[in-house]
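Input: a single structure, listed below in structure tokens.
The values are calculated or read from the model by the stated rules, or taken from the named source; none is laboratory data. Since the structure is predicted, the reported quantities are computational estimates derived from the model, not experimental observations. FYI the Cβ positions are ideal-geometry reconstructions off the backbone, even for glycines, and counts take in every protein chain you see.
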Amino acid sequence: MTDARHTKAAEAGAIAHSEAGALLFVVNAAAGAHDIKAKRAVIEAALAAHGRQGELLMCGPADLPRVAAEAAAAAAARQGAVIAVGGDGSLNTVAQAAHAAGCAMGVIPYGTFNYFARSHGIPTEPAMAARYLLDARPTPVQVAAINEQIFLVNASLGVYPELLRDREAYKARFGRSRWVAFVAACATLLRAQRRLRLQIDTGSAVRNVSTLTLFVGNNRLQLAQVGAEPEDTVPGTPGDGSLAALMLRPIGSWAMVKLLVHGAMGRLGEAAGVDRFEFLQMRVKPALAPGRRHIRVAFDGEVARMRTPITIRVHERPLYLLKASGPDALAASPAAAIGAV
């Protein structure tokens, strides 16, 4: 954001925060006892080194939304912060709670890609991230919404939710790595046949399209990594003033292979069959079978069904993220993170 937009956002939803405020760490315990012990050790070591105290809240996936909401409410009441410890899904759940409660949020990333952390200069090594957040200050950052669901990195309709489902199946069988994720994506896209017919209204234009997927990015780093940043047509950049939309037109298998190669080489924007544009708000009305009112969507790695039409927008209220300040702020900027890719 520009300084003026940062100031406006801060004034619109400023939070009460104290350097001595409570720190509540929300940890998804689904990964197993050994992993939980390692995460606990990382957090306790950082707290001890800084002479701070914190509360570790362990929970399973089913209890994560409730625990995150309770932790965020407690953090807001005690002028503290709620800390998300986990992958993209856990970060999303905690961000939803922190945004609703109006408290600061910290991140200790344990995901595969960690786009949100990297784009904001947060270390991806957990021990470094834990130490980093104890010296950080709340800074307003842009979040987006699909209907009323907050998302930090991306949201999508069409084949992309199927890709995420397949990716989790591949990870369960072959392990968590970027190569496993890439192979799963290839397998999903090569058999993709279902087309979406959408009416898209951005306020300035309405058009009807046929696409395999509609992907919306709130993270410039992710878009830059695959070479899919749209032309700059509205103020700001994706994740910092605007959102980016990518649509994949229906194409044959051979064309799909070439598209995958372009994406792997960071040149997706050069591939045929990819339409991309910037926007601030978009209303999406899918053509559904008679009687159907809901469609499967994905946001930050999670998949859910939402009632149509779908509204996707830059949220008017920021999330207050614990980020570096002073001399470290330059290293924590999105531009610095992109340059390091």
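Can you spot a residue in segment 316-328 that is of a type outside the set (Gly, Ala, Ser), closer than 30 Å to PHE25 by Cβ and modelled with pLDDT under 80?
Going residue by residue through segment 316-328, those that are of a type outside the set (Gly, Ala, Ser) are 316-323, 327-328.
Next cut, closer than 30 Å to PHE25 by Cβ only: 316-323, 327-328.
This time we only want the ones that are modelled with pLDDT under 80, so: 327-328.
Yes: one or more hits.
So which residues in segment 123-147 are of a type in the set (Val, Ile, Thr) and either within 14 Å of the chain's Cα centre (by Cα) or closer than 15 Å to VAL94 by Cα (or both), if there are any at all? First the steps, then the outcome.
Taking segment 123-147 first, the residues of a type in the set (Val, Ile, Thr) are 124, 139, 141, 143, 146.
If the condition is that a residue be of a type in the set (Val, Ile, Thr) and either within 14 Å of the chain's Cα centre (by Cα) or closer than 15 Å to VAL94 by Cα (or both), then VAL141, VAL143, ILE146 are the ones that fit.
With segment 1-119 as the region, which helices (runs of 4 or more DSSP H) entirely inside it contain at least 1 residues that are at pLDDT below 95 and outside the structural domain of ALA155 (by TED's automatic domain parsing)? Steps first, please.
Working: elements: 3-13, 33-50, 64-77, 88-101, 115-119.
It comes to 3-13, 33-50, 88-101, 115-119.
Identify, please: which residue in segment 193-219 is touching a helix residue (DSSP H, G or I) at 6+ places or on another chain (Cβ under 7 Å) and at pLDDT 95 or above and is, among those, surrounded by the fewest Cβ atoms within 10 Å (Cβ to Cβ)?
Looking at residues that are touching a helix residue (DSSP H, G or I) at 6+ places or on another chain (Cβ under 7 Å) and at pLDDT 95 or above, I get ASN219.
Out of segment 67-88, which residues are among the charged types (D, E, K, R) and more than 20 Å from the chain's Cα centre (by Cα)?
Residues of segment 67-88 that are among the charged types (D, E, K, R), as a first pass: 70, 78, 88.
Listed by number, the residues that qualify are GLU70, ARG78.
So which of ALA272, ALA224, ALA298, ALA228 ends up being loosely packed, with under 14 Cβ neighbours inside 10 Å, modelled with pLDDT under 95, of a type in the set (A, V, I, L, M) and not assigned by TED's automatic domain parsing to the domain that holds SER90?
Values: ALA224 fails: loosely packed, with under 14 Cβ neighbours inside 10 Å; ALA298 fails: loosely packed, with under 14 Cβ neighbours inside 10 Å; ALA228 fails: loosely packed, with under 14 Cβ neighbours inside 10 Å.
After ruling out the rest, the residue left standing is ALA272.
Among the residues of segment 132-151, how many are part of a helix (DSSP H, G or I) and touching a Pro at 6+ places or on another chain (Cβ under 8 Å)? Before the answer, list the steps.
Let us first name the residues in segment 132-151 that are part of a helix (DSSP H, G or I), namely 132-134.
Add one more test, that the residue is touching a Pro at 6+ places or on another chain (Cβ under 8 Å), and what stays is 132.
Within segment 132-151, residues that are part of a helix (DSSP H, G or I) and touching a Pro at 6+ places or on another chain (Cβ under 8 Å) number 1.
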